[in-house]
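Each remark here refers to the structure printed beneath this line.
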Amino acid sequence: MTADELATAVGTAAAHEMTSALNCIKHCLGQLSDEQIWWRSHPAMNSVGNLILHLCGNVRQWIAAGLGGGPDTRNRPVEFSERGPIPKDELLRGLKAVVAEAKSVLERQSARQLVEPRRIQGADITGLQAIFNSVPHFRGHTQEIIHITRLQLGDAYRLAWEPKTPEEGAPP
């Protein structure tokens, strides 16, 4: 395997992880109303809507701009100060667009680009560091969105997946 083939494999795996997390977010949004998207368990906590805006900003800054060379137009304070109501369909369209752009950037990274230094959010980092920052960050906030959804819906929450075989963890 060449270095560029490994870079492609890393980028493809990162893109796959973002797609998987996006599907979890879509599953949650499908169960919440526009009003519930902006619910906060405490005034100092984030809503699902804020987390989606934050994910859009982070992925755009770290992957689309940081790795892809696009403009960095992020306004991080607005991601958290927004109180809605931005409809969930609009939020989802924006998130899907950013993830699609990020996947395109991730899947075309060369080995040289992955080790090349660049400046993101005021720090000098490599392309690999940008991936290992942004993708787990995306997954972490995805879990937070799942938690907020379950907190609001309780027993009405529909799981996206349940084990069907003992190998998957289903009871015998």
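See the values below:
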read-out: Only one of 164, 88 that is crowded, with 16+ Cβ neighbours inside 10 Å and either more than 27 Å from residue 12 (Cα to Cα) or modelled with pLDDT under 95 (or both); value: 88
read-out: Pairs where the first residue, in segment 154-172, is within 19 Å of residue 143 (Cβ to Cβ) and the second is surrounded by 10 or more Cβ atoms within 10 Å (Cβ to Cβ) and β-branched (Val, Ile, Thr), C-beta under 7 Å, 6+ apart; value: 157/149
read-out: Residue satisfying condition, being exposed (fewer than 14 other Cβ atoms within 10 Å of the Cβ) and either closer than 17 Å to residue 21 by Cβ or of a type in the set (Gly, Ala, Ser) (or both), within set 127, 122; value: 122
read-out: Residue in segment 41-61 that is in contact with a Leu (Cβ under 8 Å, 6 or more places away or on another chain), small (Gly, Ala, Ser) and more than 21 Å from residue 120 (Cβ to Cβ) present; value: yes
read-out: Residue within segment 93-102 that is in contact with a Lys or Arg (Cβ under 8 Å, 6 or more places away or on another chain) and more than 16 Å from residue 141 (Cβ to Cβ) present; value: yes
read-out: Matching entry among 151, 114 (being in contact (Cβ under 8 Å) with a residue 60 or more places away in the chain and out of contact with any helix residue (DSSP H, G or I) (no Cβ under 9 Å at 6 or more places or on another chain)); value: 151
read-out: Filter result for the condition that a residue is of a type in the set (Lys, Arg), closer than 23 Å to residue 30 by Cα and either open to solvent by less than 60 Å² (accessible area, probe 1.4 Å) or assigned to a strand (DSSP E or B) (or both), over 139, 150; value: 139
read-out: Residue in segment 20-34 that is open to solvent by 20 Å² or more (accessible area, probe 1.4 Å), without any contact (Cβ under 8 Å) to a residue 60 or more places away in the chain and outside any helix (DSSP H, G or I) present; value: yes
read-out: Some residue of segment 57-65 being outside any helix (DSSP H, G or I) and of a type in the set (Lys, Arg); value: no
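The values are calculated or read from the model by the stated rules, or taken from the named source; none is laboratory data. Since we're looking at a predicted model, the values are computed, not measured. All Cβ positions, glycine included, derive from the backbone under ideal geometry; neighbour counts span all protein chains shown. Quick note on the areas: whole protein, heavy atoms, side chains included, nothing else; ligands and nucleic acids left out. Shrake-Rupley method; radii C 1.70, N 1.55, O 1.52, S 1.80 Å.
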